[in-house]
Amino acid sequence: MRALHRILGARHHDTPWPATPLEPTPEAIADAVIARINRTSALWQQFAVLGDVVVVDGDTARYHEEVPVAYVHDGGLGPEPFAFVVTLEYGPDHDQVDPFDVTVPRIAENDAAHAHDASYLHPVVRVHRGGRVVATHHLAENLENHWNLPDVHHQPLVLFVKGVLSDAG
């Protein structure tokens, strides 16, 4: 409902999507993402549909909460923004496997090196530039859904954001 209200406000009243300003540094962006994914219920309930979006424009960055991913693709936050789109997602075919079947191989909890193979709900950060996804980073799954371990979640995200920002410069 909140997203619909914001979309209609933008469409009919030129009200911009609310945003929190951020320093456009890897650490500030990663800190904001980690803080939000550890407390959001909207991204949990609307996995892969709603996302938090960090738009980077030169020396500024803005954090938009609970934006429909399709709205970003449709240009709702501006034409072809350079943005980090953060969603919570399950791995492919997660619903085809009995979660209690111990004979099914799975990656270990908090395995940052193999996070892209995770089947349980976990954060995914996609970089949008020029209207297309140019990079993707999966944070390691955690059974308690706490994505705040410095060496497992935070530092790999900082390195990812740093690499993306250096490529953009």
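Quick notes on this one:
- The chain - percent of accessible surface contributed by carbon and sulfur, probe 1.4 Å: 53 percent
- Spacing of the two label points (7 Å from each Cα toward its C-beta) at Val102 and Ala135, in nm: 4.1 nm
- A convex hull fitted around the alpha carbon atoms of the range 110-169 yields 81 Å³ per residue.
- Radius of gyration and maximum dimension Dmax of the range 1-130, Cα, Å: 16.4, 55
- In plain terms, the chain from Leu143 to Asp59 could stretch by 26.6 nm, reckoned as 0.36 nm per residue minus the Cα-Cα distance.
- Just so you know, the Rg over Rh for the range 16-76 is 0.96, from Cα atoms, with Rh as the Kirkwood radius.
- Computing FRET efficiency as 1/(1 + (r/R0)^6) for Asp111 and Asp14, where r is the C-beta to C-beta distance and R0 is 35 Å, gives about 0.15.
- Computed from the alpha carbon positions, the gyration tensor of the range 66-119 leads to an equivalent ellipsoid with semi-axes of 33, 13, 7 Å, biggest first.
- Nearest-10 value in Å² for the accessible area of His153, using the 1.4 Å probe: 0 Å²
- Relative contact order of the chain: 20 percent, from C-alpha pairs under 8 Å at least 6 residues apart in sequence.
- Accessible area per residue was computed with a 1.4 Å probe on protein heavy atoms; Thr60 scores about 70 Å².
- Inter-probe distance in nm under a simple model that places probes 7 Å from Cα toward Cβ, at Leu159 and His5: 4.1 nm
- Rolling a 1.4 Å probe across the protein heavy atoms gives the chain an accessible surface of 56 Å² per residue.
The values are calculated or read from the model by the stated rules, or taken from the named source; none is laboratory data. The structure displayed is predicted, hence computed values, not measured ones. Here the Cβ is made from the backbone with ideal geometry for all residues, glycine too, and neighbour counts use every protein chain on show. When the accessible area is computed, the model is the full protein with side chains, heavy atoms only, and any ligands, DNA or RNA have been set aside. Shrake-Rupley method; radii C 1.70, N 1.55, O 1.52, S 1.80 Å.
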